[in-house]
Amino acid sequence: MRYPRRGQTEQKGANRQVPRGGMNTTDPNLIEVIDSRGRTLTPCRRKVADREVRLGRAKWIGRRRIRLRFDPFAYRHIRLKVLARDRYTCYWCGRPGFTMDHVIPWSKGGRTTMANCICACEECNGRRGDMDAAEFARLMGRPTPHPQLILSGRHLAAEAAAAPEPVTGTVRPQPFARLARLLEAEPVSRSSLY
C-alpha cells in the first residue's frame with residue numbers, strides 16, 4: 001500500500017478527504033497545535049486553544065492553528081531524573097508516585113528544576129493543586145520540602161526521620177504494594193510478574 005506524501009490527502013468515501021494521519025481536520029472545533037520548534041502536535045478543541053492563548057502560553061497563527069510558546073518536551077529528562085532520585089515514592093504520602101510536583105508551583109513562578117521538583121502520586125499532586133508547600137505539608141503531616149535538601153536527595157531522609165510511628169491495629173491499604181515491591185527488588189524473572 002502506498003501512502004501519500006506529507007501534506008497530501010487520500011480519498012475516503014464520497015468527496016471526503018482525510019489527512020494521512022487519519023484525523024478529520026474539517027471539524028470546526030479542532031485546532032491544529034504547533035510547538036515552539038514547529039512540530040505538529042495532537043489537535044485540540046477550540047475551548048482548550050482559547051484557554052492557552054488567554055493564559056499567554058500560545059498565540060494564534062491563523063484561524064485554525066495555534067503555536068505554543070514553549071516546548072512541551074523540554075523538561076522530560078528532568079521529570080525522569082526526579083522520579084529516579086526519589087525512587088518513585090510520593091513525598092507526601094509514601095505511596096508509589098509517577099508524577100512530578102513543583103514545590104513552588106509553576107503557576108506562582110516556580111521553575112522546573114531538580115531543586116524545585118519532587119515525586120508525587122497522582123492523588124496528592126491533584127489534591128495539592130497550586131497550594132503552598134508548607135500548608136500542604138502541615139495538612140499531610142510531613143515536613144516542608146526545602147530546595148537544598150531536595151537537590152542533595154536528603155529530603156527523603158528528613159521525611160523518614162519526621163514520620164510518626166504507625167498506630168498498631170490500623171492497617172492502611174496499599175493499592176500499589178506489589179508494584180512497589182517490584183520496583184524495589186532486583187531484576188525479577190518473568191514468572192514473578194504474573
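Close contacts from segment 66-80, counting a first residue that is part of a helix (DSSP H, G or I) and a second that is of a type outside the set (Ser, Thr, Tyr), with Cβ to Cβ under 6 Å and a gap of 6+ residues or different chains, come to 79/100. Inspect all residues belonging to segment 83-96 and state whether any of them is at pLDDT 90 or above, in contact with a Leu (Cβ under 8 Å, 6 or more places away or on another chain) and surrounded by fewer than 18 Cβ atoms within 10 Å (Cβ to Cβ). Within segment 83-96 (the criterion being at pLDDT 90 or above, in contact with a Leu (Cβ under 8 Å, 6 or more places away or on another chain) and surrounded by fewer than 18 Cβ atoms within 10 Å (Cβ to Cβ)), the answer is yes, since at least one residue qualifies. Which one is farthest from residue 92 (Cα to Cα) among residues in segment 112-156 that are out of contact with any strand residue (DSSP E or B) (no Cβ under 8 Å at 6 or more places or on another chain) and among the basic types (Lys, Arg)? Filtering segment 112-156 for residues that are out of contact with any strand residue (DSSP E or B) (no Cβ under 8 Å at 6 or more places or on another chain) and among the basic types (Lys, Arg), the one farthest from residue 92 (Cα to Cα) comes out as 154. May I ask you to list the residues in segment 97-117 that are surrounded by 14 or more Cβ atoms within 10 Å (Cβ to Cβ) and outside any loop (DSSP other than H, G, I, E, B)? Residues satisfying the conditions are 99, 100, 101, 102, 117. Selection over segment 46-70 of residues that are more than 20 Å from the chain's Cα centre (by Cα) and of a type outside the set (Gly, Ala, Ser) gives a count of 13.
Within segment 81-96, the set of residues being part of a helix (DSSP H, G or I) and either of a type in the set (Gly, Ala, Ser) or within 25 Å of residue 55 (Cβ to Cβ) (or both) comprises 82, 84.
Please find, within segment 121-138, the residue that is surrounded by the fewest Cβ atoms within 10 Å (Cβ to Cβ) out of those that are among the hydrophobic types (A, V, I, L, M, F, W, C) and outside any loop (DSSP other than H, G, I, E, B).
134
The values are calculated or read from the model by the stated rules, or taken from the named source; none is laboratory data. Since the model is a prediction, treat every value here as computed from it, not as a measurement. Every residue, glycine as well, gets a Cβ built from its backbone with ideal geometry; the counts of neighbours run over all protein chains shown.
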